Amino acid sequence: MSVNKNIRPFHTVLVANRGEIALRVLRTVRRMGFGSVAVYSEADRNSPHVQAADRAVCIGPAAPAQSYLNIDAIIPAAQLAGANAIHPGYGFLSENDAFADAVDAAGLVFIGPSGDNIRAMGNKAGAKRLMQAAGMPCIPGYEGPNDSEGQSDETFVREAERIGFPIMCKAAAGGGGRGMRLVQQASDLPAALASARSEARTAFGSAELILERAVRTPRHVEIQLLADNHGHVVHLGERDCSVQRRHQKVIEEAPSPAVDAALRQRMGEAAVHSARTLGYIGAGTMEFLLDADGQFYFMEMNTRLQVEHAVTEAITGLDLVEWQLRVAAGEALAFAQQDIQLDGHAIEVRLTAEDVPAGFLPQTGPVLRWRPPVAHDVRIDSALIEGGEVSPHYDSMVAKLVAHGRDREEARRKLLSAVRHCVLLGLPSNQVFLADCLSDAVFVEGVGVHTGFVAERMGMPPAAPLPSTHTVALAALAAQVHNLPSDAQGHLQASALAQGQAMGLLQWGEQRWHYRIQHTASDPVTAWQVQCTPQHAATEPFSLSLTHVQWLDSARSTLAVECDGLREQICIARTDTGVQLFHQGRAWTFECPPTHRAAGPEAGSGAVLAPLTARVLQVMVTPGQTVQAGERLLVLEAMKMEHTLTAPFTGVVRELLAQAGGQALKGALLMQIEAEAG
């Protein structure tokens with residue numbers, strides 16, 4: 001039996017994290033009667049997690065390296081605020097062995113596994129060797145030494161040929177899909193190695209890589225573990241995390257549709273045995289790939305709480321943060337393996353700020369409207385606030401929605417409804433993509449889902465939905481309603497319409513409509529007419545007749561309209577350049593250009609623009625250089641991910657405005673390429 005000698009009584013807990021993660025941990029810390037301390041960067045001074053704690057300490061500038069990753073700032077913050085325990089949350093320092101050691105050395109309690117546990121499992125190469133020694137089935141691969149020869153391209157090429165293609169190239173020191181590349185053939189390996197090394201070094205401070213044989217159409221299934229200081233280790237069933245994009249989880253559920261009781265027992269026993277062999281203490285997760293024949297292979301162990309822990313909480317009735325705190329305080333688990341019962345089914349989605357049609361590019365910007373749904377059996381974890389913003393310095397996930405039902409279909413149905421009623425305006429999100437995944441026939445059926453589900457079923461990248469004529473007409477109305485007065489009941493009044501009508505131009509993508517809004521009756525409550533004429537001659541004009549157009553709030557954010565006897569509500573946010581509205585389960589962004597403005601630059605102009613606000617990590621070209629179509633031009637880094645921009649066509653770099661280490665705002669001109677003559 002392993003004994004954690006670092007257990008000491010504690011009364012006040014500092015949460016070394018931010019946003020939704022900090023809020024979730026603080027909720028349990030305060031429920032259990034402990035004092036609470038938050039830390040925050042200068043960018044998060046007004047964030048909800050700061051308000052949720054008893055005390056809060058600013059630990060540095062917005063950049064994570066100077067704040068949330070700064071051990072030398074966090075430990076003094078705990079001492080200043082009188083905290084004698086630190087919970088790392090999940091992400092940031094939660095799997096940093098040096099942080100766990102530093103907390104212990106400062107005489108504080110680290111609410112998590114020991115530094116030795118984290119070190120043992122924090123490197124994929126070392127972890128695989130330990131798991132193989134413990135009898136755990138592992139994917140064939142290469143986990144060579146972290147030296148110049150063991151990490152050379154020549155060694156990787158030789159080992160890849162031995163393993164056989166396709167292979168996965170992975171960062172040894174990290175997870176979350178960062179530093180991971182799927183390589184189909186030998187000729188693609190050198191470029192994949194360079195890209196994976198660069199991203200791994202940026203994300204984890206280590207460029208060490210490993211290789212693994214790619215398992216075809218696997219499911220990603222993980223086992224939740226709890227271990228105390230008294231030799232007790234239990235598993236809490238499995239979670240299925242197979243719906244992923246760019247190797248990052250999007251939808252998680254428990255239990256897995258592909259795991260029966262016998263397989264659950266085999267996987268659980270293997271995970272418990274390995275954890276006991278390691279002398280592991282605390283909450284942790286063993287992650288596996290499950291092939292079509294029911295064979296499972298160890299991938300890695302996360303020595304922390306997972307984002308998706310909420311689905312396990314829903315079906316077990318346990319608060320995992322509570323048991324982290326109890327174990328850290330020296331308590332024994334109050335239940336044995338036979339006491340763990342799985343109740344119903346739970347599914348979670350991760351709502352992220354990203355442009356899905358652009359390849360899931362992370363997005364930043366203001367939160368103009370945030371209205372989470374009120375739904376039965378749906379838990380929503382978020383730190384968004386209306387009027388706040390999503391920062392480029394942190395992860396793009398903005399909320400988790402978790403539904404619990406008596407069975408999988410009930411949980412899916414509840415979650416789909418909640419997703420469709422979740423209002424986020426101000427920046428793009430993956431809301432529609434999540435709803436499409438949840439309603440896809442293969443996901444509904446369940447057993448056919450695998451880690452390639454998104455690419456196979458949704459397309460990569462998924463196409464943007466098209467607005468209906470009904471949505472376009474309501475967007476035209478929304479573009480004008482803020483200019484019109486209303487009566488005491490919120491009904492729009494027609495008296496302010498110049499010459500009885502309002503006119504303007506509306507644009508969505510490359511499509512434009514001229515619109516005219518008229519009020520055609522003496523009664524101010526009825527008969528609003530919206531007429532839209534597309535600029536493209538091939539598209540027919542259309543109109544919408546509305547009655548009872550009425551604001552439902554003093555902030556003028558929610559408008560009720562009635563069309564053909566059907567009453568509905570739309571949420572609206574007006575911007576300097578256009579209008580955003582939430583209609584029929586999704587957010588829409590329309591521009592309102594001046595009617596005299598010419599169309600924007602045509603595709604193929606050679607202007608290379610920043611697709612998101614980011615740091616310029618690397619520039620591969622120089623002014624005057626000839627580039628080929630598809631050639632890599634530069635690499636941007638934002639929200640812990642790298643994004644490579646390539647040449648749109650063969651030409652010459654005539655102007656270069658970006659430099660490595662600089663910042664680029666979304667839409668900024670980075671370079672200009674002139675097409676080759678002829």
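The values are calculated or read from the model by the stated rules, or taken from the named source; none is laboratory data. Note that this is a predicted model, so its numbers are computed, not measured. Glycine gets a Cβ as well: all are built from the backbone with ideal geometry, and neighbour counts include every protein chain shown.
Using the structure shown, decide if Gln224 is surrounded by fewer than 22 Cβ atoms within 10 Å (Cβ to Cβ) and among the polar types (S, T, N, Q).
So Gln224 fails the test.
Within the stretch 311-333, work out how many residues are farther than 19 Å from Gly268 by Cα and in contact with a helix residue (DSSP H, G or I) (Cβ under 8 Å, 6 or more places away or on another chain).
Qualifying residue count, the stretch 311-333: 4.
Among the residues of the stretch 370-389, write down those that are within 16 Å of Leu427 (Cα to Cα) and of a type in the set (A, V, I, L, M).
Ala383, Leu384, Ile385
Considering each residue of the stretch 168-203, count those that are part of a helix (DSSP H, G or I), within 22 Å of the chain's Cα centre (by Cα) and crowded, with 21+ Cβ neighbours inside 10 Å, and give that number.
The number of residues fulfilling the criteria is 3.
Taking the stretch 105-118 as the region of interest, how many residues are outside any loop (DSSP other than H, G, I, E, B) and surrounded by fewer than 18 Cβ atoms within 10 Å (Cβ to Cβ)?
Result for the stretch 105-118: 2.
So that you can scan it fast, the table gives a plain yes or no per residue for (1) within 25 Å of Ala660 (Cα to Cα); (2) modelled with pLDDT of 90 or more:
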residue	(1), (2)
Asp553	no, yes
Ser557	no, yes
Asp564	no, no
Gly578	no, yes
Leu609	yes, no
Thr613	yes, no
Ala629	yes, no
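How many of the residues in the stretch 253-270 are assigned to a loop (DSSP other than H, G, I, E, B), within 14 Å of Phe443 (Cβ to Cβ) and touching a residue at least 40 places away in the same chain (Cβ under 8 Å)?
Here the count works out to 2.
Does Ala283 satisfy the criteria of being under 23 Å from the mean Cα position of the chain (by Cα), aliphatic (A, V, I, L, M) and under 21 Å from Ala134 (Cβ atoms)?
So Ala283 fits the description; yes.
One residue is enough: does the stretch 518-528 have a residue meeting the conditions part of a loop (DSSP other than H, G, I, E, B), of a type in the set (Asp, Glu), at pLDDT below 80 and surrounded by fewer than 16 Cβ atoms within 10 Å (Cβ to Cβ)?
Scanning the stretch 518-528, I find at least one residue that is part of a loop (DSSP other than H, G, I, E, B), of a type in the set (Asp, Glu), at pLDDT below 80 and surrounded by fewer than 16 Cβ atoms within 10 Å (Cβ to Cβ), so the answer is yes.
Restricting attention to the stretch 111-118, does a residue exist that is within 17 Å of Ser206 (Cβ to Cβ) and touching a residue at least 60 places away in the same chain (Cβ under 8 Å)?
yes
If I go through the stretch 406-416 residue by residue, how many of them are over 21 Å from Trp370 (Cβ atoms) and either in a loop (DSSP other than H, G, I, E, B) or under 19 Å from the mean Cα position of the chain (by Cα) (or both)?
2
Inspect the stretch 531-547 for any residue being modelled with pLDDT under 90, surrounded by fewer than 17 Cβ atoms within 10 Å (Cβ to Cβ), part of a strand (DSSP E or B) and touching a Lys or Arg at 6+ places or on another chain (Cβ under 9 Å) and give the result as yes or no.
No; the residues of the stretch 531-547 include none that is modelled with pLDDT under 90, surrounded by fewer than 17 Cβ atoms within 10 Å (Cβ to Cβ), part of a strand (DSSP E or B) and touching a Lys or Arg at 6+ places or on another chain (Cβ under 9 Å).
If we keep just the residues of the stretch 548-595 that are of a type in the set (D, E, K, R) and part of a strand (DSSP E or B), which is surrounded by the fewest Cβ atoms within 10 Å (Cβ to Cβ)?
Across the stretch 548-595, the extreme among qualifying residues is Arg567.
Say whether the condition of being touching a strand residue (DSSP E or B) at 6+ places or on another chain (Cβ under 9 Å), within 20 Å of Pro373 (Cβ to Cβ) and touching a residue at least 12 places away in the same chain (Cβ under 8 Å) is met by at least one residue in the stretch 455-466.
yes
Determine whether the stretch 233-252 contains at least one residue that is over 19 Å from Gln306 (Cβ atoms), at pLDDT 95 or above and either outside any loop (DSSP other than H, G, I, E, B) or in the same structural domain as Gly284 (by TED's automatic domain parsing) (or both).
No: zero hits.
I'd like to know if the stretch 129-148 contains one or more residues that are in the same structural domain as Pro190 (by TED's automatic domain parsing), surrounded by fewer than 22 Cβ atoms within 10 Å (Cβ to Cβ), free of Cβ contacts under 8 Å to residues at least 12 places away in the same chain and of a type in the set (S, T, N, Q).
yes
For Leu305, only one of the following conditions fails: (1) surrounded by fewer than 21 Cβ atoms within 10 Å (Cβ to Cβ); (2) among the hydrophobic types (A, V, I, L, M, F, W, C); (3) at pLDDT 95 or above. What is its number?
Leu305 satisfies all of (1) surrounded by fewer than 21 Cβ atoms within 10 Å (Cβ to Cβ); (2) among the hydrophobic types (A, V, I, L, M, F, W, C); (3) at pLDDT 95 or above except (1).
With respect to His11, determine if the residue is in contact (Cβ under 8 Å) with a residue 60 or more places away in the chain and either under 26 Å from Gly365 (Cα atoms) or aliphatic (A, V, I, L, M) (or both).
no
Tell me, which helices (runs of 4 or more DSSP H) lie completely within the stretch 19-93 with 1 or more residues that are without any contact (Cβ under 8 Å) to a residue 60 or more places away in the chain and of a type in the set (Gly, Ala, Ser)?
By residue number, 48-52, 71-81.
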